[in-house]
Each structure stands twice: as C-alpha cells, then as structure tokens.
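Colleague: Sharing a structure, written as structure tokens. Questions coming.
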Amino acid sequence: ALGKGSDLEKAFATAALVYNNHADPEGKLSKSETKSLLQSQFGHFIQGQENKPKYQEIISSLDEESENKIDFEDFMILLVSLTLMSDLLQEIKNVKTTK
C-alpha cells in the first residue's frame with residue numbers, strides 16, 4: 001500500500017505503520033504513549049489548538065485512567081477528530097485562493 005497506492009491509501013498506510021511501530025506486542029498503546037505520539041508525530045495539526053474545548057477534551061481524556069490502552073481503531077478516531085478540529089482545511093483553502 002505504501003509503494004503502489006494512491007496518496008490517500010499511502011496516508012492511511014503510513015498512519016497504520018506509525019501506530020504499529022509504537023504499539024505493544026498486543027497491538028495497543030498506553031494513553032500516555034498515545035499522547036506523546038500525537039505530540040511528536042501530529043504536532044503541526046494540533047499546534048495552536050490548545051485553547052479549543054474539543055482539543056482540551058481529547059488531550060485530557062488521555063491523562064485520565066492512563067493504564068487504559070488505546071487500540072488502532074481508537075487511535076484513528078483520535079487522528080480524525082484532531083484533524084477535523086485543526087485549522088488544516090482553512091489553511092488549504094487559503095493556499096488555493098492565493099495562487
């Protein structure tokens with residue numbers, strides 16, 4: 001999927017690969033590992049979002065019950081939630097209108 005797929009397929013394959021490289025042998029991440037992974041690998045998407053209630057809700061959920069683990073499905077839901085909350089779409093629109 002990484003070599004011959006479409007851009008979208010490559011993006012999701014990369015997300016799965018990053019998750020898998022950080023997951024434990026059971027295929028899960030602790031909440032603290034998830035938070036650290038999001039901050040290191042998803043920093044540009046979450047930068048500047050700290051004051052948004054939805055961001056605070058997502059990040060604080062990773063601080064609660066830190067012994068609980070996140071599976072791949074929950075991780076992808078976090079990624080999509082953070083992407084929707086981010087300014088990414090507006091930034092893309094701004095680039096298109098300035099060209």
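Colleague: Between a first residue in the stretch 8-25 that is over 21 Å from residue 69 (Cβ atoms) and at pLDDT 95 or above and a second residue that is open to solvent by 50 Å² or more (accessible area, probe 1.4 Å) and outside any loop (DSSP other than H, G, I, E, B), which pairs have beta carbons less than 9 Å apart while being 6 or more apart in sequence or on different chains?
Modeller: none
Colleague: For the stretch 65-86: of the residues being at pLDDT below 75 and on the phi < 0 side of the Ramachandran plot, which is most open to solvent (accessible area, probe 1.4 Å)? Break it down into steps so the answer makes sense when it comes.
Modeller: Here is the first cut: in the stretch 65-86, the ones at pLDDT below 75 are 65-67.
Subsequent filtering for residues that are on the phi < 0 side of the Ramachandran plot retains 66-67.
Details: 66: 58, 67: 133 Å².
Ranking the candidates gives 67 first.
Colleague: Whether any residue in the stretch 20-34 is of a type in the set (D, E, K, R), within 18 Å of residue 77 (Cα to Cα) and open to solvent by 60 Å² or more (accessible area, probe 1.4 Å) is what I want to check. If you could, list the steps in order and put the result at the bottom.
Modeller: Of the residues in the stretch 20-34, the ones of a type in the set (D, E, K, R) are 24, 26, 28, 31, 33.
Then drop every residue that is not within 18 Å of residue 77 (Cα to Cα), which leaves 28, 31, 33.
Subsequent filtering for residues that are open to solvent by 60 Å² or more (accessible area, probe 1.4 Å) retains 28, 33.
Yes, because at least one residue in the stretch 20-34 is of a type in the set (D, E, K, R), within 18 Å of residue 77 (Cα to Cα) and open to solvent by 60 Å² or more (accessible area, probe 1.4 Å).
Colleague: Moving to a separate point now. Name the single residue, out of those in the stretch 1-52 being of a type in the set (A, V, I, L, M) and out of contact with any helix residue (DSSP H, G or I) (no Cβ under 9 Å at 6 or more places or on another chain), that is nearest to residue 82 (Cα to Cα).
Modeller: Once the filter is applied, the top-ranked residue is 11.
Colleague: Kindly indicate whether residue 42 is aromatic (Phe, Trp, Tyr), touching a Phe, Trp or Tyr at 6+ places or on another chain (Cβ under 6 Å) and at pLDDT 85 or above. Show your work before the answer.
Modeller: Working: aromatic (Phe, Trp, Tyr): yes; touching a Phe, Trp or Tyr at 6+ places or on another chain (Cβ under 6 Å): no; at pLDDT 85 or above: yes.
No: the conditions fail for residue 42.
Colleague: Let me ask you something else. If you take the residues in the stretch 41-55 that are open to solvent by 90 Å² or more (accessible area, probe 1.4 Å) and assigned to a helix (DSSP H, G or I), which one is farthest from residue 90 (Cα to Cα)?
Modeller: Looking at residues that are open to solvent by 90 Å² or more (accessible area, probe 1.4 Å) and assigned to a helix (DSSP H, G or I), I get 41.
Colleague: Can we say residue 58 is within 23 Å of residue 19 (Cα to Cα) and open to solvent by less than 70 Å² (accessible area, probe 1.4 Å)? Write out each step before concluding.
Modeller: Working: within 23 Å of residue 19 (Cα to Cα): yes; open to solvent by less than 70 Å² (accessible area, probe 1.4 Å): yes.
So residue 58 passes the test.
Colleague: Mind counting the residues in the stretch 61-93 that are touching a residue at least 24 places away in the same chain (Cβ under 8 Å) and under 21 Å from residue 20 (Cα atoms)?
Modeller: Number of matching residues: 15.
The values are calculated or read from the model by the stated rules, or taken from the named source; none is laboratory data. If you're wondering where the values come from, they're calculated on a predicted model, not measured in any experiment. Positions of Cβ are generated from backbone atoms using ideal geometry, with glycine treated the same way; all protein chains shown enter the neighbour counts. SASA here: full protein model, heavy atoms, side chains in, ligands and nucleic acids out. Shrake-Rupley method; radii C 1.70, N 1.55, O 1.52, S 1.80 Å.
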